[in-house]
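Since the structure comes first, as structure tokens, the remarks are kept for the end.
Derivation of every value follows stated rules applied to the coordinates shown; laboratory data play no part. Note that the structure is a prediction, hence the values are computed from the model and not measured. Here Cβ is always computed from backbone atoms with ideal geometry, including for glycine, and neighbour counts include all displayed protein chains.
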Amino acid sequence: MHRFMRKLAVVGVAGAIGVGGVAMASPALAGTWSGTQTCPGSIFVKSTGTKGGTGSITVYAAGHSFTDSTQKTGVQYTVVGAYSSGSWSVSGAGATAGIGYCGT
């Protein structure tokens, strides 16, 4: 039993680690993820949100946003912002993960 609990603890820590400098969050129901990005030159702030629940999700990136209020689940939405620096967020009762990053 002790060995099993130790493995669970390691898995829990690994789930919270970001990949490649991208702000990342582990899945959880009805969450909000947000931050700010400063991107070089003509690269824009982007945000990707995962909708794992039946509630709504809003994905926002530096001046642009998208909202899905349908019952769909298991989908991802990416928003490209209007600016190369600014805030990003993923929120809503159906949101289960969100990241912000730089891209085109």
Next item on the list: Could you bin all the Cα-Cα distances of the stretch 50-94 into 5 Å bins starting at 0 and give me the percent of pairs in each, rounded to whole numbers?
Entry: 6, 26, 30, 18, 12, 6, 1
Check: Measuring from a point 7 Å past the Cα of Gln71 along Cα-to-C-beta, which residues in the stretch 41-55 have an amide N at less than 16 Å?
Finding: 52-55
